[in-house]
């Protein structure tokens, strides 16, 4: 797929990698100290070509930046989404509709006065007049105050839950209404991620995952809470024997949209080093056990270290605060 050609079709600028890096934290300092600059800028987010979870998370970071600084956000629909399950244009449109992050926002006008965030940060006075600042993501700023995400996530969560309940009621009941068991969802990165490729830093071994699950299972068993564990990943079942032998349900190669819905609605979510499950954690009303990675966790999440260990006391407190089982 010719990314440059697609960007040209959308009349979007192509920014070299060294100019596309996230400098939203520096932009925040610049705008916070100058009402005059805030009055003449708007922001947008485009240029990523990775998976849908990462791109949705990037747009969410732009919405957050816009909200926190009082500057307009202009929405650019996705142009290319990786890990496709169907023809590329259809796949991209499915992701655009899935969370509908552009709902209620003005669409980006092609041919606008685009300026890369990096260029603006380096020389704001060189770009007079109304400008549209663009970046691939605004995570560096969002990572400074992850709890404040809730201000923009709350309405998105409400819309997401309402759509699932009414537009897909039968599927909703199949996911969350199958039993009165406490549902534990686990996301495991496989597919393009392995222990010995260029994405090895995003790989988590089955042994580390099992350590987390054993700790969760022990606490639920102590409280006599019936539970079920659903694991969402890619590959073949033989790759997850150590987990399936414990009676955990392993779901492989399903629709990413179904997996995402199941993660969001779980009573407890164990994330991977992945924007997909991190995004699910942001939308979740349940307990989140977060594998420490690039994105900063919210304060009520339980953070596991690289070996899979976490503060069990925090899990006990979270369980005590809810009326189990939830479903």
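The values are calculated or read from the model by the stated rules, or taken from the named source; none is laboratory data. Remember, predicted model here, so these are calculated numbers, not experimental data. So basically every Cβ, Gly included, is an ideal-geometry build from the backbone, and we count neighbours across all protein chains shown.
Worth pointing out:
- Which listed residue is touching a strand residue (DSSP E or B) at 6+ places or on another chain (Cβ under 9 Å), surrounded by 17 or more Cβ atoms within 10 Å (Cβ to Cβ), more than 22 Å from residue 282 (Cα to Cα) and modelled with pLDDT of 95 or more, from 59, 41: 41
- Residues in the stretch 167-191 that are touching a helix residue (DSSP H, G or I) at 6+ places or on another chain (Cβ under 9 Å) and modelled with pLDDT under 80 were compared, and the one that is nearest to residue 221 (Cα to Cα) is 176.
- Residue ID - farthest from residue 158 (Cα to Cα), chosen from residues in the stretch 309-327 that are modelled with pLDDT of 95 or more and out of contact with any strand residue (DSSP E or B) (no Cβ under 7 Å at 6 or more places or on another chain): 309
- Test set (1) modelled with pLDDT of 95 or more; (2) more than 22 Å from residue 101 (Cβ to Cβ) - residue 139 fails condition number: (2)
- Single residue of the stretch 278-306 satisfying the filter (modelled with pLDDT under 95 and touching a helix residue (DSSP H, G or I) at 6+ places or on another chain (Cβ under 6 Å)) that is nearest to residue 98 (Cα to Cα): 295
- Of all residues in the stretch 98-118, those satisfying the criterion of being out of contact with any strand residue (DSSP E or B) (no Cβ under 9 Å at 6 or more places or on another chain) and surrounded by 12 or more Cβ atoms within 10 Å (Cβ to Cβ) are 98, 99, 100.
Here is a yes/no grid of residues against (1) in a helix (DSSP H, G or I); (2) within 26 Å of residue 299 (Cβ to Cβ); (3) modelled with pLDDT under 95:
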{"residue": "155", "(1), (2), (3)": "yes, yes, yes"}
{"residue": "162", "(1), (2), (3)": "yes, no, yes"}
{"residue": "201", "(1), (2), (3)": "yes, yes, yes"}
{"residue": "210", "(1), (2), (3)": "yes, no, no"}
{"residue": "216", "(1), (2), (3)": "yes, yes, no"}
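- Some residue of the stretch 126-133 being part of a helix (DSSP H, G or I) and in contact with a helix residue (DSSP H, G or I) (Cβ under 9 Å, 6 or more places away or on another chain): yes
- Residue satisfying condition, being outside the structural domain of residue 293 (by TED's automatic domain parsing) and not in a loop (DSSP other than H, G, I, E, B), within set 58, 112: 58
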